[in-house]
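What follows is one structure encoded as structure tokens, with my remarks underneath.
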Amino acid sequence: MSNSVTNVPIPSILEIGSGVTTQLDTIFKKHPFSSAIVLFDTFSYSTLKTTIETSLSYLSIECVMLEDTLDIHGLISSAFSFPPFDVVIAVGGGKVIDYGKYIAFSRRSPFISIPTAPSNDGFASSNCSLIVDGKKTTVPAKVPYGIIVDLDIIKHAPDRFILAGVGDLMSNLTALYDWEYEEKKGIGSINAFAYMLSKKAVNSFIRTPMDDLKNEVFLKELVSSLTMGGISTVISGNSAPISGSEHLISHSLESISETPQMHGIQVGVATYIMAKVQEHRIERIEKVFTRTGFFEYVKTIGLQKADFIEAISMSPSIKPNRYTYLHDDDYRQRALEIVDEDERLRDIFS
């Protein structure tokens, strides 16, 4: 008989607050690190390198700015060109966080995530999105050893990055419904604890005041909820608690659209579509997207109706081993009808 209790890795460091990047020495001294590779993107290198160096004075660190065009082969080359180190720290947007996660995974090293924007749950999840043979691919990595989120930095992120995080988080609602549907069809099975954590994460966020995107209470709740969503994937061993049919639409858009939008923005619009297909939690999603200004923003970016039609049609081929609502011909047809007929989408699409 196998053990009924599982061992789940969770971050040893979790710091979400104002000014935490100025307290890194205090945070890190509690952990067995003496050297670090610190990875930056162009923006974080120019704005935060000095702060990080000053705040990590007791560690021996090497700061590296990574180009945002690296594929998996370039990343592996970089990973093994670095001198020995105890920990990889990535400071910046989603791309450099994914790079850091994979470099740490390749070198079997702990990884610490310091995101500069709450645009998706990647800073907390156990996989990363990389270019493999010219195609964006989800690649396994490890759950971060640490997550450090400075609200003073996050609140200076452009509104669209925060709205992308809102879109990505709200997709938990449609993803969980897809997971239930999949289990009913006998394809997958729900991990009850991962399901609960993902649901609690989004329900906690929904109760937060949403009149100011730069409000610290709002941002802390958004970041905390995205973190819980990321950890739910570690528990389930797959992305099902936070990624369903709405993510398939976004992944399809990335391959067909001339100008793909941010992942969380595409996912948010797809979440609205799929909630209408599923006839589940649509009023709640509409309220959040209205109150945060998500709907107003997506009207301004020129989303193409034809792209969404093609993306919905090709979605089942993105993950043929899953069985979401979009893998069912009738529901996929319903999604296409909604894109064609829905008044709110008429305002959004060019």
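Read the figures in this text as sums done on the coordinates, not as results from a lab. Small disclaimer: the values here were computed from a predicted structure and weren't measured. Glycine also receives a Cβ, built like all others from the backbone with ideal geometry; neighbour counts cover every protein chain displayed.
Counting only lysines at least 8 places from Lys95 when in the same chain, those with an alpha carbon closer than 26 Å to its own are Lys49, Lys135, Lys136, Lys142, Lys155, Lys214, Lys220, Lys299, Lys319.
For the stretch 13-154, the Cβ-based charge dipole about the Cα centre amounts to some 380 debye (Lys, Arg positive; Asp, Glu negative; other atoms uncharged). Measuring nothing but alpha carbons in the stretch 13-154 and taking Rh as the Kirkwood radius, the Rg to Rh ratio lands at 0.93. In this simple spin-label model, placing a label point 7 Å from the Cα along the Cα-to-Cβ direction at both Phe43 and Val217 gives a separation of 2.7 nm. As an equivalent ellipsoid, the stretch 232-304 spans semi-axes of 21, 18, 11 angstrom, where each value is the square root of five times an eigenvalue of the C-alpha gyration tensor, largest first.
Computed from the C-beta positions of Glu310 and Asp347 and an R0 of 22 Å, the FRET efficiency is 0.60 to the nearest 0.05. In plain terms, the C-alpha convex hull of the chain casts an average shadow of 17.6 nm² when viewed from every direction.
If R0 is 22 Å, what FRET efficiency do you get for Lys30 and Ser60 from their C-beta distance, rounded to 0.05?
Working: r = 18 Å, r/R0 = 0.80.
Between Lys30 and Ser60 the formula returns 0.80.
Given +1 at the Cβ of Lys and Arg, -1 at the Cβ of Asp and Glu and no other charges, the dipole of the chain around its Cα centre is 860 debye to the nearest 20. Average 1/r across all pairs of distinct alpha carbons in the stretch 21-103, invert it, and you get the Kirkwood radius: 13.0 Å. On full extension, the segment bounded by Ser12 and Thr259 gains 85.1 nm, given 0.36 nm per residue less the C-alpha separation.
For the stretch 159-348, the relative contact order comes to 29 percent (Cα pairs under 8 Å, sequence separation of at least 6). Extension gain for Lys200-Glu337 works out to 46.2 nm (0.36 nm per residue, less the C-alpha to C-alpha distance).
Sorting 180-193, 160-173, 287-300 by average packing, meaning the other beta carbons within 10 Å per residue, from highest down gives 160-173, 287-300, 180-193.
Here the peptides 88-98, 41-51 are ranked by packing, the mean other Cβ count within 10 Å, and the order with the highest first is 88-98, 41-51. Sorted from longest to shortest, the spans of the Cα atoms of the stretch 83-218 along the three principal axes equal 49, 41, 29 Å.
Highest-first packing order for the peptide set 107-118, 258-269 is 107-118, 258-269, based on the mean count of other beta carbon atoms within 10 Å.
From the alpha carbon centroid of the stretch 295-350 to that of the stretch 43-62 is 43 Å.
The modelled label-to-label distance between Glu296 and Asp330, using points 7 Å beyond Cα along the C-beta direction, is 4.0 nm. Mean sequence separation of contacting Cα pairs (under 8 Å, at least six apart), scaled by the length of the chain, corresponds to a relative contact order of 16 percent.
Among rounded, prolate and oblate, which fits the stretch 74-160 when a ≥ b ≥ c are the square roots of the eigenvalues of its C-alpha gyration tensor, a/c under 1.5 means rounded, and a/b larger than b/c means prolate? Since a/c reaches 1.5 but b/c is at least a/b, the shape of the stretch 74-160 is classed as oblate. Considering only Pro260, Met196, Gln333, the residue lying farthest towards the positive end of the dipole of the chain is Met196, judged by Cα position with unit charges set on Cβ.
At a threshold of 8 angstrom on Cα-Cα distance, excluding pairs fewer than six apart, so keeping six or more, what relative contact order does the stretch 249-339 reach in percent?
Values: 65 pairs, mean separation 34.2, N = 91.
Reported as a whole number, the value is 38 percent.
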